[in-house]
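Okay, structure first, notes after.
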Amino acid sequence: MQARGDELSVTLDDPQAGEPRTPAAEDRFYIGRFLIVGRLGEGAMGEVYSAYDPDLDRKVAVKFVHSLPGDPFQAVARVRQEAQALAKVSHPNVVQVYEVGESQGRIFIVMEIVDGGSLAQWQEERGSPVRPDEIDSRLRLYLQAAAGLLAAHRCGLIHRDFKPDNVLL
């Protein structure tokens, strides 16, 4: 993974190992004070990377938002406004936002890192149909996700892409 001018080039898949690899030390780079150390994934809104915050000595996630249609200044302002609103939500089932910024023409959001995988992965591992002994554990996870959504809604936020892939455990 390297920053080159206005382009972010990422190569993290190791075909020999069959899974993502951690970039070599020379591939790591900084965005502000955050050391980007590996790619976590990509979704509709952007690419998410694992990073390290040396000032607070903790791992964080950094999401680079995909280019948005329309006026770039308005798009940046909208993402910044949404990040500010999300940062006001304090709930155990909502990821905490720590910072929002811009680098190389792309807006990024620094947030709490969640290492447990997605609800979609968890469900896939357990298979279908749902076994009777798993109903309670699935229901507990769904209720926690609903509690996080309710907390966000109470702050005036609406999740525009709620699905099991976007629920982190």
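What to note about this one:
- For the stretch 73-82, the criterion of a residue being surrounded by 14 or more Cβ atoms within 10 Å (Cβ to Cβ), polar (S, T, N, Q) and within 23 Å of residue 149 (Cβ to Cβ) is satisfied by no position.
- Within the set 86, 168, the sole residue that is touching a Gly at 6+ places or on another chain (Cβ under 9 Å) and within 21 Å of residue 59 (Cβ to Cβ) turns out to be 168.
- Single residue of the stretch 94-126 satisfying the filter (loosely packed, with under 13 Cβ neighbours inside 10 Å and of a type in the set (D, E, K, R)) that is farthest from residue 69 (Cα to Cα): 126
- In the stretch 157-168, the residues that are in contact with a helix residue (DSSP H, G or I) (Cβ under 8 Å, 6 or more places away or on another chain), open to solvent by less than 60 Å² (accessible area, probe 1.4 Å) and assigned to a loop (DSSP other than H, G, I, E, B): 157, 167
- Residue within the stretch 127-146 that is open to solvent by less than 60 Å² (accessible area, probe 1.4 Å), under 16 Å from the mean Cα position of the chain (by Cα) and modelled with pLDDT of 90 or more present: yes
- Scanning the stretch 89-102 for residues that are under 21 Å from residue 166 (Cα atoms) and either among the charged types (D, E, K, R) or in contact with a Gly (Cβ under 7 Å, 6 or more places away or on another chain) (or both) yields a total of 4.
- Close pairs from the stretch 106-134: first closer than 9 Å to residue 168 by Cβ, partner part of a loop (DSSP other than H, G, I, E, B) and open to solvent by 40 Å² or more (accessible area, probe 1.4 Å), Cβ under 6 Å, at least 6 apart: 116/169; 117/169
- Residue that is nearest to residue 155 (Cα to Cα) [pool: residues in the stretch 71-102 that are of a type in the set (Gly, Ala, Ser) and assigned to a helix (DSSP H, G or I)]: 85
- Verdict on residue 75 being of a type in the set (Gly, Ala, Ser) and at pLDDT 90 or above: no
- Condition met for residue 45 (closer than 17 Å to residue 162 by Cα and either open to solvent by 70 Å² or more (accessible area, probe 1.4 Å) or at pLDDT 90 or above (or both)): yes
The values are calculated or read from the model by the stated rules, or taken from the named source; none is laboratory data. None of the values given here were measured: they were computed from a predicted structure. Glycine gets a Cβ as well: all are built from the backbone with ideal geometry, and neighbour counts include every protein chain shown. Heavy atoms of the whole protein, side chains included, go into the accessibility calculation; ligands, DNA and RNA do not. Shrake-Rupley method; radii C 1.70, N 1.55, O 1.52, S 1.80 Å.
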